[in-house]
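Here the structure comes first, spelled out in C-alpha cells, and everything after it is commentary.
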Amino acid sequence: MNFILILASGVATGTVLLYATVGEIFSERSGILNLGVEGMMLIGAMSAYKTAAATGNAWLGLLVAMLAAGLISQIHAFITITLQADQVISGLALNFLATGISLVLGEGLTSLRDVVPHLPKFSIPGLTQIPWLGGIFFYNQSIMVYIGFLFIPLAWYFINRTRPGMHLRAVGEYPAAADTLGIRVYLLRYLYVFVGGLLAGLAGATISLSISPGWFGGLTTAGQGWIAIGLVIFAQWNPVRAAFGGFTFGALRRLVLDLQGPATILGLANPFYYNVNYGFFLKMLPYIFTVVFLVIGSREANRKRIGSPAALGLPYIRGQRGL
Amino acid sequence: MADISSKSASGWKFPFRIKIENRVDNPPKWLSPVLSLTAVVVALLIGALVIWLGGGKPWAAYTHIAKYSLGSVGVLSDTMVKAIPLMLVGLACSIAFRMKLWNIGAEGQFYLGAFGASLVVLLPILPMEAPKWQFILVTALFGMILGAAWGFIPGFLKARYNVNEIISTLMMNYIAIEWNNYFIYGVWSESGFQMSRMFQKNAWLPRLSDLAKRWPFFGGLTTHFGLVFAVLAAIILWLILSKSKWGYEIRLIGDNPRAAEYAGISIKKNIILVMMVSGALAGLAGSSEIMGVVHRFQGAISPGYGYTGIIIAWLAKLNPLAVILTSILFGALILAGREVQPAGIPTLIQGVIMVALIASDFFYRNRVSITRQVED
C-alpha cells in the first residue's frame with residue numbers, strides 16, 4: 001500500500017465533498033437548510049456529462065452543470081422562502097425531483113464513456129518537490145482540486161471578513177434585525193440557495209468529468225450529497241473545517257477501498273484479503289465514519305456552545321414576531 | 001399579507017386583484033383532500049411535460065401505468081402486493097414525522113426486517129417443519145425487532161448526543177444494504193449465487209391464491225397475508241395517534257416541543273421510542289416482503305420503498321388510515337412504472353407530486369382571493 005497515493009486520491013475525492021459542503025454552508029448560513037444536495041449533485045454530474053458528450057467541451061459541461069443545479073435549487077428557494085413551507089420536507093422533495101430528472105435525462109449516457117472529454121490533470125512544478133505534501137496535494141491532480149485549494153480561503157474570507165459576508169450571516173442569525181437595516185432578506189436567501197446549487201452542481205461535475213469520470217445513474221454520487229450535509233455540521237458552518245473534514249473523509253473512503261489489496265498489513269495477515277466477503281464491512285465504513293463525525297461535531301458544538309445559524313430552518317415572515 | 005396589484009406605465013391596469021392573507025379560521029374540511037388531489041393532477045401534467053421534453057411519450061407512459069396496475073383483477077392484486085410494503089413504511093414515516101422526527105431510514109429498517117425474517121428460516125430459529133402460523137408470527141416479530149433495533153441507533157444518538165437524525169438514518173440505509181450483502185454473499189449464499197436457498201413452502205405467508213381450491217376466483221392472485229398486517233397496523237396506529245395519551249404526547253412534541261417539555265413529557269424518551277416503533281413498522285414491511293413475495297434472502301428487494309414512504313406519508317397528511325389509500329396509488333405507479341422507459345420516470349413523477357403537494361400547502365395556510373379591480 002502506497003500511503004501517499006491513497007492520501008492523494010483522498011484529496012481528489014475530498015474535493016467533491018468540499019464543494020458540496022461549502023455550498024451547503026452558504027445556504028445554511030443564510031438560514032435555509034437544503035437537503036437536496038444529493039439530487040443537485042446528480043443534476044450537475046448528469047448535465048456536465050451530457051453537455052461534454054454533445055459538445056466535446058468539458059468546461060462548457062462544467063458551466064451547464066452549475067447553472068442547471070443552481071436553477072433547480074430555486075424550486076426549493078421558492079417553496080421555503082416565498083411559500084414558507086417546511087424546509088426539511090421541501091429539501092427531500094427537491095431530492096426526489098432532481099434525482100428523477102437526472103435519471104430520465106441521463107438515460108443512455110453510461111455507454112458514452114470513451115468519447116467524453118475530461119477536465120485536465122497536471123502537476124504543479126516546484127510544489128511537487130515538497131516532501132510528502134507535494135506528492136499528496138500537487139502531483140497529477142485534477143484542476144478542480146487546485147481550484148478547490150484557492151476556493152477554501154476565499155470562501156472563509158468572504159463569509160467572515162467582508163460586508164456581503166456579514167449580511168449573509170445576519171440574514172441567517174437574525175433576519176428581522178437584518179431587515180430593519182435594509183438588508184434584503186428574501187433576495188439574499190434566494191441568492192445563497194442559488195450559490196449552494198451552483199456549488200453542488202460543480203461538485204457533481206467534478207465527479208463525472210474528472211475524479212471518477214462517467215455516468216452511473218444514482219451510483220454516480222453514492223450518497224456523497226448526504227455525507228456533505230453531515231460534514232456541514234461537523235465543520236460547524238466553517239469552510240476551512242469543511243475542507244479538513246472533506247479531505248479526511250476522502251482519504252478514509254479511499255483507504256477503505258485499498259485495504260482489500262495487500263495480503264499482509266504491517267506484517268499481519270489481512271483478513272479482508274483472505275475473505276472477500278468481509279469487504280462488505282469495509283464498505284460500511286464511510287457511512288459509519290459520517291455518523292461518528294456527526295457525533296464528534298455535535299459534542300464539540302455543545303461544549304463550545306456553537307450552534308447552527310439561529311434562524312436556520314425558520315421561514316422569515318416580515319412583520320411577525322420571532323426571529 | 002401581500003398585494004399583487006400592478007399598474008403599468010402605459011396606464012393599463014391589471015384587471016384583478018390578488019390578495020394573500022394568513023388563514024385565521026379553520027379551513028373547511030374538504031379543502032385539504034381537494035388540494036392534494038389538485039396537486040397530484042398538476043404534478044402529472046408537469047411530469048408529462050418533462051417526459052415529453054426528455055423525448056418520451058407521456059400519454060403512452062400514463063396509459064401504460066393505468067392499464068398495467070388497475071386494469072384487471074390480476075394486476076390489481078399485483079398492485080396490492082406493491083402497496084403492502086408501502087403502507088407499512090408509509091405508517092413508519094407517519095408516526096415519526098408526526099413528532100417532527102425525520103426518519104429517512106425506513107429503507108434500511110426495511111432491509112433489516114428482511115434480514116430478521118430470514119434469520120428465523122435460515123439460522124434457523126424455527127425448525128424446518130414448524131406449522132405455518134408459527135412462521136407467520138415469529139418472522140413478523142423478528143422483522144419488527146431488527147427494524148426497531150436499526151431505528152434505535154439513530155434515536156439513541158439523537159437523544160444522547162443530539163445527532164441530526166436525517167443524516168444518521170440515511171447513513172444507516174447504506175450500512176444496512178452492506179450488512180445484508182455480507183450474509184447474502186458470504187453466509188447463506190446458495191452454491192455461490194447472490195441469494196439464499198428458497199424458503200420451504202410452510203414458511204411462506206399465505207396468499208389469496210391458496211384459497212383457489214375452494215373459491216376458483218382467487219386463482220393466481222398474489223396478494224399475501226402482509227395486507228392484514230398493514231391494515232391492522234394502520235388501525236392501531238390511528239388509534240394510538242388520535243385516541244391515546246401517548247399519541248397526544250407525540251403530537252404535542254411535534255407541534256410545540258417547548259410546551260411538551262413544560263408539561264413534563266420526556267422528549268428524549270419519546271425520540272427513542274418513536275424511532276423504534278417507526279423502525280419496527282418498516283421492519284415488518286421488510287419481513288412481509290421476504291416471506292410473502294421473495295421467499296428467499298437476496299439483495300435488491302426494494303425499489304426505494306423506504307423513500308417512497310416519505311411521500312406517501314406526506315400525501316396522506318400523516319393520517320394512518322389515509323396511508324392505505326395513498327399506498328395503493330403509489331403501488332400502481334411502482335408496479336407499472338417498472339416497464340416504462342426511461343427508467344427514471346417513476347422517481348421523477350414521485351418527485352413532482354411531492355413538490356406540488358408541498359407547494360399546495362400554501363393554499364391551506366393562506367387565503368388567496370382574486371377580486372375584480374375597482375375603478376378609481
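None of the figures in this text is laboratory data; all of them are computed from the coordinates on show. In this text, all values refer to a predicted model and were calculated from it rather than measured experimentally. All Cβ positions, even for glycine, are placed from backbone atoms using ideal geometry, and neighbour counts span all protein chains on display.
Key figures for this structure:
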item	result
Partner chain coverage, peptide A:185-197 - average Cβ within 10 angstrom	0
Exposure proxy ranking, count of Cβ atoms within 10 Å, fewest first, for A:D114, B:D255	A:D114, B:D255
For the range A:253-314, average projected area of the Cα convex hull in nm²	6.5 nm²
Karplus 3J(HN,Hα) series, Hz, for the range A:4-15 with 6.51 cos²θ - 1.76 cosθ + 1.60 (x for Gly, Pro)	4, 5, 4, 5, 4, 6, x, 4, 5, 4, x, 4
Nearest 10 degrees, 0 to 90: helix A:37-55 Cα axis against chain A principal axis	70 degrees
Helical mean residue ellipticity (222 nm; -39500 (n - 2.57) per DSSP H run of 4+; nearest 500) of chain A	-21500 deg cm²/dmol
Three-way shape call for the range B:29-94 based on the alpha-carbon gyration tensor, with the a/c threshold at 1.5	oblate
Kirkwood-type radius of the range B:119-192, with distances r between different C-alpha atoms, in Å	14.4 Å
Kirkwood Rh and Cα Rg combined as Rg over Rh, evaluated for the protein assembly as shown	0.97
Whole-Hz ³J(HN,Hα) from phi, Karplus 6.51 cos²θ - 1.76 cosθ + 1.60, for the range B:323-331, glycine and proline x	4, 4, 5, 5, 5, 5, 4, 6, x
Computed P(r) (all Cα pairs; the range A:57-185; 10 Å bins; percent)	10, 21, 29, 25, 13, 1
Computed over the range B:144-252: relative contact order in percent, which uses C-alpha pairs under 8 Å that are six or more apart	10 percent
Other-chain or far-sequence residues with amide H under 5 Å of B:V163's (modelled H)	B:K158
Cα extents of the range A:1-63 along the three principal axes, largest first (Å)	43, 33, 16
Debye log10 I(q)/I(0) at q = 0.11, 0.19 Å⁻¹ for the range A:26-101, Cα point scatterers	-0.29, -0.73
Degrees, to the nearest 10: B:245-255 long Cα axis against longest axis of chain B	50 degrees
Cβ-Cβ FRET estimate between B:A263 and A:L181, R0 fixed at 35 Å, reported to 0.05	0.35
Under the Karplus curve 6.51 cos²θ - 1.76 cosθ + 1.60, θ = phi - 60°, whole-Hz ³J(HN,Hα) for the range B:128-137, x wherever Gly or Pro sits	2, 9, 4, x, 4, 4, 5, 4, 4, 6
Estimated inter-spin distance, B:N256 and B:V228, nm [label 7 Å along Cα→Cβ]	4.3 nm
Computed Kirkwood radius, in angstrom, where 1/r is averaged over Cα pairs of the range B:223-308	14.9 Å
Calculated FRET value between A:T110 and B:W246, using beta carbons and R₀ = 51 Å, to 0.05	0.55
Residue-averaged 222 nm ellipticity for chain B, from DSSP H runs of 4+ at -39500 (n - 2.57), nearest 500	-21000 deg cm²/dmol
Rounded to whole Å, sorted largest first: equivalent-ellipsoid semi-axes of chain B, Cα gyration tensor	41, 27, 19
Taking A:R305, B:R98, B:R258, B:R160 and counting other C-beta atoms within 10 Å, the order from fewest to most	A:R305, B:R258, B:R160, B:R98
Where the Cα pairs of chain A fall when distances are cut into 20 Å bins, in %	32, 56, 12, 0
B:M195 long-range amide H proximity, modeled H, under 5 Å	B:E190
Helix B:267-289 vs. chain B, principal-axis angle (Cα, 0 to 90°, nearest 10)	60 degrees
For the range A:214-271 versus the range B:191-216, the gap between their alpha-carbon centres in whole angstrom	42 Å
When each of B:K82/B:K243; B:K100/B:K269; B:K245/B:K268; B:K29/B:K245; B:K82/B:K132 is checked by Cα-Cα distance, pairs over 19 Å	B:K82/B:K243; B:K29/B:K245; B:K82/B:K132
Distance-filtered residues of the range B:275-314 - backbone nitrogen under 16 Å, label point 7 angstrom along B:Y364 Cα→Cβ	B:310-314
Per-residue mean of C-beta atoms belonging to partner chains within 10 Å, peptide B:175-188	4
The range A:48-68 and the range B:220-248: distance between their alpha carbon centers, rounded to Å	49 Å
Least to most buried among B:H224, B:H64 (fewest other Cβ within 10 Å first)	B:H64, B:H224
B:V24 versus B:Q341: modelled label distance in nm, points set 7 Å from Cα along the beta carbon direction	5.9 nm
Computed label-point distance, nm, for sites A:L268 and A:W132 using a 7 Å Cα→Cβ extension	2.3 nm
Other protein chain Cβ atoms within 10 Å, averaged over every residue that makes up A:111-119	0
